[in-house]
Each structure stands twice: as C-alpha cells, then as structure tokens.
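The values are calculated or read from the model by the stated rules, or taken from the named source; none is laboratory data. Computed from a predicted structure; not experimentally measured. Every residue, glycine among them, receives a Cβ derived from its backbone with ideal geometry; neighbour counts consider all protein chains shown.
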Amino acid sequence: MKEYTCIVCPRSCRITVEEKDGELVITGNTCKRGYEFAKNEYTDPKRMLTTTVKVTGGVLPRIPVISTQEVPKDRLEDCLKVLYGLELKAPVQYGEIICENILGTGVDIKASRTLQAK
Ligand code: SF4
C-alpha cells in the first residue's frame, strides 16, 4: 500500500493505492483527477524538470531551463547530472532546445528565457 498527497489542486487530498487481486484500489481521492494522479504516481511517476545550465559569455552565468514534457521520476537525477555538465555559449534564445532527447527519454530540454551575450 502506498499513500500520496494529491498535488493537482490545493485541497491536497491524502490518497491510498493498494493492489488487491491484481487490481489497483484507490481511495481518498475527492475527484477523478486525483484518481488519475494516484494511479500515475503508483504505476509511472513523472515530473517536469526545471534547473539552470551554465552559460559562458552571457550577461548572466546561468540560464533557467525546463523539460518539454514530464520526465520519468527515476531518471530525474541522471538528467540533472547531464544538465549540470553542459556549458552553453551566449546568446541563447527563449525556447531554444539546449538538450535533445535527454538520456533517450524522448524529452527535450529548452531554455525558459533569452540570455543575451555580454
Ligand atoms: S483528489 Fe481532486 S480535490 Fe483532492 S487534491 Fe486531488 S484534484 Fe484536488
């Protein structure tokens, strides 16, 4: 049995997921969105990835980046290591893909702002 706090809305329902006779039994959710949240958390948890990446020659030393889709939760740490190792060269444009198909996840990482050169 696993317990989750639903993060879909501020109500923060406590949801329980357990397997009985090969079926998922989900309780504690107030709505269907919470049901889907708990089911996904139990079977295939994913998260959006946001961090910053080093930039040389820019007006700032780092640029914020975000994944174009959610990344499997168990790959987040490895993806972050890849991004910590990157070094971009300014200028970087908003929306520019700075890492394609990161670690074969099928997810791209894009710049979430423009960073001008010095
Ligand atoms: S189960 Fe529904 S009502 Fe409860 S926190 Fe999740 S989205 Fe909100």
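Here are the numbers for the structure shown:
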| read-out | value |
| --- | --- |
| In the stretch 26-64, the residues that are of a type in the set (D, E, K, R) and either more than 24 Å from LYS81 (Cα to Cα) or without any contact (Cβ under 8 Å) to a residue 12 or more places away in the chain (or both) | LYS32, ARG33, GLU36, LYS39, ARG62 |
| The stretch 1-15 residues that are more than 9 Å from GLU41 (Cβ to Cβ), paired with ones that are of a type in the set (Asp, Glu) and modelled with pLDDT of 95 or more (beta carbon under 6 Å, 6 or more apart) | MET1/GLU18 |
| One residue from GLU70, GLU87, GLU77 being of a type in the set (Asp, Glu) and over 30 Å from GLU3 (Cα atoms) | GLU87 |
| Residue within the stretch 105-118 that is more than 19 Å from the chain's Cα centre (by Cα) and modelled with pLDDT under 95 present | yes |
| Every residue from the stretch 12-34 that is within 6 Å of the ligand (Cβ to nearest atom) and among the charged types (D, E, K, R) | ARG33 |
